[in-house]
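To start, the structure itself, in structure tokens.
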Amino acid sequence: QPRAGARLRAGYQNLHLAELDDLPAPGRDALLEVPAEVEQHRTIFAPLLRDRRVTRAVAPLDVAEALSTVLRERCEYALVEPRGPHGHSVLDFLDGDRRGFCMHFASATALALRMLGVPCRVGVGVYGGDESGEVPTTRVFGSHHAHAWVEVPIEGAGWVIVDPTPPSVRPFLRWPETARDPLDPATDGAAARE
């Protein structure tokens with residue numbers, strides 16, 4: 001494990017993921033799983049699940065985007081652990097001080113999607129990075145580039161990313177104009193350098 005404040009270099013490979021139908025049954029089932037300690041507090045998710053924008057959405061990505069919008073309106077981004085009466089970070093994020101960071105936005109969205117029958121997973125990694133002065137066309141990543149988002153399997157498109165974190169606070173710098181945004185579904189997750 002790197003020490004705090006360490007700068008890491010990372011490479012990537014754009015993997016073409018198997019369609020959902022190709023996943024083994026335990027993998028498919030896990031994409032709809034809601035932990036028991038969350039399921040027993042389903043009412044905490046009611047303001048998200050019952051919002052008109054969410055209930056009117058039909059397509060999985062529209063549902064995910066609607067949930068993201070409602071969550072951004074209800075909760076505040078802060079680099080703090082949520083505080084509240086539940087002793088569970090996602091429950092406290094939704095029913096406590098309503099403050100948290102990208103992992104809380106992503107986890108709350110994923111759990112709400114699963115409660116609505118939309119399979120999904122939380123993706124984590126680094127995003128953005130700083131230009132490396134040492135090696136052209138490379139980026140340097142640190143802990144402040146860590147990020148989490150939601151991925152929804154869409155037939156024919158693979159895993160499509162939905163990022164519920166408020167765009168104004170996402171922990172990344174602008175990509176150079178010669179790169180494509182890896183979280184933009186239009187680029188199929190490719191961060192190609194020209």
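The values are calculated or read from the model by the stated rules, or taken from the named source; none is laboratory data. These numbers come from a predicted model, not from an experiment. Cβ placement follows ideal geometry from the backbone for every residue including glycine, while neighbour counts extend to all protein chains displayed. Just so you know, the surface numbers come from the protein's heavy atoms only, side chains and all, with ligands and any DNA or RNA stripped out. Shrake-Rupley method; radii C 1.70, N 1.55, O 1.52, S 1.80 Å.
Summary of computed values
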quantity	calculated
Segment Gln40-Arg83, extension gain: residue separation times 0.36 nm, minus the distance between their alpha carbons	13.6 nm
Chain lengthening between Ile161 and Glu131 when straightened (0.36 nm per residue, less Cα-Cα)	8.4 nm
Karplus (6.51, -1.76, 1.60) ³J(HN,Hα), θ = phi - 60°, over segment 147-154, in Hz, Gly and Pro reported as x	7, 9, 8, 10, 10, 10, x, 10
For segment 32-89: rounded, prolate or oblate by the Cα gyration tensor [a/c cutoff 1.5]	oblate
Net length gained if the chain between Ser168 and Ile154 were fully extended (0.36 nm per residue, minus Cα distance)	2.4 nm
Segment 22-104, accessible area per residue, ligands and nucleic acids excluded (1.4 Å, Å²)	58 Å²
Computed FRET value (nearest 0.05) for Arg53 with Ser143, which takes r as the C-beta separation and R₀ as 41 Å	0.75
In Å², nearest 10: area of Glu81 left accessible to a 1.4 Å probe	100 Å²
Sulfur and carbon atoms: percent of accessible area, segment 52-182 [1.4 Å]	52 percent
³J(HN,Hα) computed for each position of segment 81-92 - Karplus, 6.51 cos²θ - 1.76 cosθ + 1.60, integer Hz, glycine/proline x	6, x, 10, x, x, 9, x, 9, 4, 6, 5, 5
